[in-house]
1. Kindly provide the set of residues from segment 254-298 that are loosely packed, with under 13 Cβ neighbours inside 10 Å and either modelled with pLDDT of 50 or more or on the phi > 0 side of the Ramachandran plot (or both), ordered by number.
2. Would segment 155-163 turn up any residue that is in contact with a helix residue (DSSP H, G or I) (Cβ under 6 Å, 6 or more places away or on another chain) and surrounded by fewer than 22 Cβ atoms within 10 Å (Cβ to Cβ)?
3. So, in segment 84-100, exactly how many residues are under 24 Å from the mean Cα position of the chain (by Cα) and loosely packed, with under 15 Cβ neighbours inside 10 Å?
4. Please determine, by comparing only the residues of segment 122-135 that are without any contact (Cβ under 8 Å) to a residue 12 or more places away in the chain and assigned to a helix (DSSP H, G or I), which one is farthest from Leu35 (Cα to Cα).
5. Any idea which residue in segment 111-129 is farthest from Leu271 (Cα to Cα), counting only those that are in contact with a strand residue (DSSP E or B) (Cβ under 6 Å, 6 or more places away or on another chain) and not acidic (Asp, Glu)?
6. Just give me the residues in segment 12-52 being in a loop (DSSP other than H, G, I, E, B) and surrounded by fewer than 17 Cβ atoms within 10 Å (Cβ to Cβ), in sequence order.
7. I need a count of the residues in segment 55-83 that are within 30 Å of Glu14 (Cα to Cα) and either crowded, with 16+ Cβ neighbours inside 10 Å or touching an Asp or Glu at 6+ places or on another chain (Cβ under 8 Å) (or both).
8. Does Ala155 satisfy being farther than 22 Å from Asp118 by Cβ, hydrophobic (A, V, I, L, M, F, W, C) and not in a strand (DSSP E or B)?
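The values are calculated or read from the model by the stated rules, or taken from the named source; none is laboratory data. Quantities reported herein were computed from a predicted structural model and do not represent experimental measurements. No Cβ is skipped: glycine too gets one built from the backbone with ideal geometry, and neighbour counts run over all protein chains shown.
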Amino acid sequence: MAAKIIDGKAVARELRAEWKARAGCLRARGIYPGLAVILVGDNLASRVYVRNKVNACREVGIHSELHEFPAGVPEEAVIFRIRQLNANRTIHGILVQLPLPRHIDNRRVLEAISPEKDVDGFHLYNVGALVAGSAVFPPCTPYGVMRLLQHAGIAVEGKHAVVVGRSNIVGKPMALMLLEAGATVTICTSKTRDLADHTGRADILVVATGRPKLVSGDMVKDGVVVIDVGINRLPDGRLVGDVDYESVARKASHITPVPGGVGPMTVTMLLVNTIDAAERDARCAPPAETGCRRSPAITA
């Protein structure tokens, strides 16, 4: 069996084109979707991620602002800026680039963001609301995974989904979103005993541990759908996922590549959430003929 590749780049392009049109509808009414990005310190990887997000905003017609602070900035100064942005009607989304310096409490900073502007989906309100299936904004990476499954025509309802990874950013919300979509969900970690016993029973396998090539072909069954969220750089410079692509692809029905799978979708769903926030703020329900119809539900 040769797995069908789920091309995250292609899906992201389609979504960006759709939401660029919706941003255009808003701008035609004098409403300019706005995203504020807060960057603390000089982490090189964070700067790369922020640059990519700012460029993506420009591509789809979102106004973006970068608010930079030195690494030693007091926590209260960051929170004060967030409160200013909460009150700014021209800013519809606020993103704090993680990680923050050790002296800053991530939770305090993230919870200072208004839930209606929490386009990363990290606020306690949005995380908790996932349990009830009513988050204002789903976290971007799990949201992107659900859209990939939807685009590939993969039914989730009734399937056994195994999530390997328990992070607040990916693993936990991913499990909740799959559960909401009707899957039977098993959550594992990289330290789960007999991990292969669990992964081997998965119809849909999502791996997000940050452990390169943790899951190999002998740990999955024929026909499994594999979503590899991990991205790891090996000593030789190669980028690989948390799944051993070559061996797993020989048994899977569908698989995401690394790079080019989940990664492009994470930034894209940030754009989607920001434009959605602008529509909500404008109490906007665009007529169908404008091409601004809402996207299908992520639970499809």
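1. Answer for segment 254-298, where residues must be loosely packed, with under 13 Cβ neighbours inside 10 Å and either modelled with pLDDT of 50 or more or on the phi > 0 side of the Ramachandran plot (or both): Arg283, Gly291.
2. The answer is no; no qualifying residue exists.
3. 2
4. Only one residue fits best here, namely Ala132.
5. Ile113
6. Those that are in a loop (DSSP other than H, G, I, E, B) and surrounded by fewer than 17 Cβ atoms within 10 Å (Cβ to Cβ): Arg29, Gly30, Tyr32, Asp42.
7. Of the residues in that region, 9 qualify.
8. For Ala155, the condition - farther than 22 Å from Asp118 by Cβ, hydrophobic (A, V, I, L, M, F, W, C) and not in a strand (DSSP E or B) - is met.
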